[in-house]
There are 2 protein chains.
Amino acid sequence: MSNLETYPRPSVAVDLAIMTVVDGALKALLVERPEDNVPGWAMPGGFVYLDQSLDQTVARVLAEKVGQPQVRFEQLATYGAVDRDPRGRVISVVYMALCPAAALAGMPLSTIRVAWEGVAGGVAEAVQNGASLPLAFDHAEILGDVVKRLRGKLDYSRIGFAFLPQRFTLREVQEVHEAILGRSLNKPPFRRKLLDRGMIIPTGEFETGGAYRPAELYTLKPEE
Amino acid sequence: MSNLETYPRPSVAVDLAIMTVVDGALKALLVERPEDNVPGWAMPGGFVYLDQSLDQTVARVLAEKVGQPQVRFEQLATYGAVDRDPRGRVISVVYMALCPAAALAGMPLSTIRVAWEGVAGGVAEAVQNGASLPLAFDHAEILGDVVKRLRGKLDYSRIGFAFLPQRFTLREVQEVHEAILGRSLNKPPFRRKLLDRGMIIPTGEFETGGAYRPAELYTLKPEE
DNA sequence: TTAGGTAATTACTAATATGGATATTACAGA
DNA sequence: TCTGTAATATCCATATTAGTAATTACCTAA
């Protein structure tokens, strides 16, 4: 706890696992790295400045790189292997940012949004148009941890609703859960559990435009 | 992702929430801070060196300050408010180290082991001989988060067994759970759930020295 | 207008898990 | 040998859950 001034310090970065569910699949927003000696696709990130907290850094990165400062986020974990970045010692505090697919639609990104698939073995893999893309740094491992965390928190927290718009149908909730868990669920028990939990309230309105019987729209009950 | 060399960096520290259960109470090992402008009691910690990973730093701090490098630990979260340390910008990666009370018995610490109590309101409070002691930095908030995490993981992970010696009785397991949850549990259902889970195996041996009927000793089944 | 198709919603039943009380067993010490 | 205490086993009522089947509602197209 001494030498606070002269201590040789690692760099500290914030990396964002910006997750969404599109067409029943869990996906991560990745950016292609600039031309340096670390090729591949990576989560967007930025360094922590001396006068900004971690949360402020996350908001800054969201605004700078994604143009979406409003997304809700929560901390996942911190990764600090000595050689995880070949350019120098970087400790990354990783946050998950969860948002509905629509929120990323008009994204002013020059980089490409890349689907992520493949939970098998706990290792993530970036995929674009069916072709496998390499992930930079330890980001494959990190995305594997993201999925583990999402699965673990799915049925006791309101984390799943972060992927949905303000008003949603029960089917949409189930689609999100199935995408995260990677398996199909039975409809009646799922609906019952969801409604019994008391986290959502019916709006009395119904979806429109569908070809068949419209489902009722629900909203998330505000937190106490 | 530029200026890896010249970037003005925060300090990075590892702080340890060394938790144990003694006499049915959850306690944290705290050290009294040296005389500087941050008074109070704090979790032991140390800075992250350029050539050591986070895990290696934890092992180093455990060896240096506690003399117990063998304790199992896991990451809790990272705290990075700008003003959390008045001496300068410090980002703390906090780890939980869970150990049986016996492991801390012969501890070569010049500092004092302090009981921690008071989950009420989610704010921790250091207590010694019934007198309240102030916690330094944001360590009260962090210890509150530790308890939340322990409670959350208690019944789907093997985290509770980290507080017990290799061979233990079912009653000891229940005591640990009650200490962490802060409430008493019914014995028969607790035993059933524990045994049905298949995480522990009976040794066929029994405790000795007790005044009454001896309980069977169990061990934790090794992880697959 | 009306029949057909599909998905939303409800109703029902069997299986399982849970909580809690009660009884039985085993040991130490008087 | 008796007594006290805690470990262990037994039991039952209740709550929860999974799954199947039936019903309802809307859109489409003839």
### Query
Of the peptides A:179-185, B:86-92, how do they stack up when ordered by the mean number of other Cβ atoms within 10 Å, highest first?
B:86-92, A:179-185
### Message
If packing is taken as the average number of other Cβ atoms within 10 Å across a peptide's residues, how do A:7-14, A:97-104, B:14-21 rank, most packed first?
### Response
B:14-21, A:7-14, A:97-104
### Query
What average count of beta carbons from other chains do you get within 10 Å of the Cβ of residues in B:73-86?
4
### Query
How far is B:G24 from the same spot in each other copy, in nm, shortest first, if each label point sits 7 Å from Cα toward Cβ?
5.4
## Note on the structure
Looks like the range B:153-202, by Cα gyration tensor root eigenvalues a ≥ b ≥ c and the a/c under 1.5 rounded cutoff (else prolate when a/b is bigger than b/c, oblate otherwise), is rounded
### Query
Can you list, shortest first and in nm, the gaps between the label point of B:P8 and those of its counterparts in the other copies, using a point 7 Å from Cα in the C-beta direction?
2.2
### Query
Distances from B:D51 to the same residue in each other copy, label points 7 Å out along Cα→Cβ, in nm, shortest first?
3.6
#### Entry: Order by protection proxy (mean Cβ within 10 Å, highest first), peptides A:215-222, A:191-198, A:54-61
A:54-61, A:215-222, A:191-198
### Task
Filter the cross-link list B:K153/B:K193; A:K153/B:K187; A:K148/B:K193 down to pairs whose alpha-carbon distance in this structure exceeds 20 Å.
A:K153/B:K187; A:K148/B:K193
### Message
Tell me the total accessible area that A and B bury against each other, 1.4 angstrom probe, in square angstrom rounded to 100.
### Response
3100 Å²
### Task
Evaluate peptide B:150-157: per residue, the Cβ atoms of other protein chains within 10 Å of its Cβ; return the mean as an integer.
1
#### Entry: Shielding score for A:52-61, defined as the mean number of other chain Cβ atoms within 10 Å
3
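The values are calculated or read from the model by the stated rules, or taken from the named source; none is laboratory data. Computed from a predicted structure; not experimentally measured. Here the Cβ is made from the backbone with ideal geometry for all residues, glycine too, and neighbour counts use every protein chain on show. The area values use the complete protein model at the heavy-atom level, side chains included, leaving out ligands, DNA and RNA. Shrake-Rupley method; radii C 1.70, N 1.55, O 1.52, S 1.80 Å.
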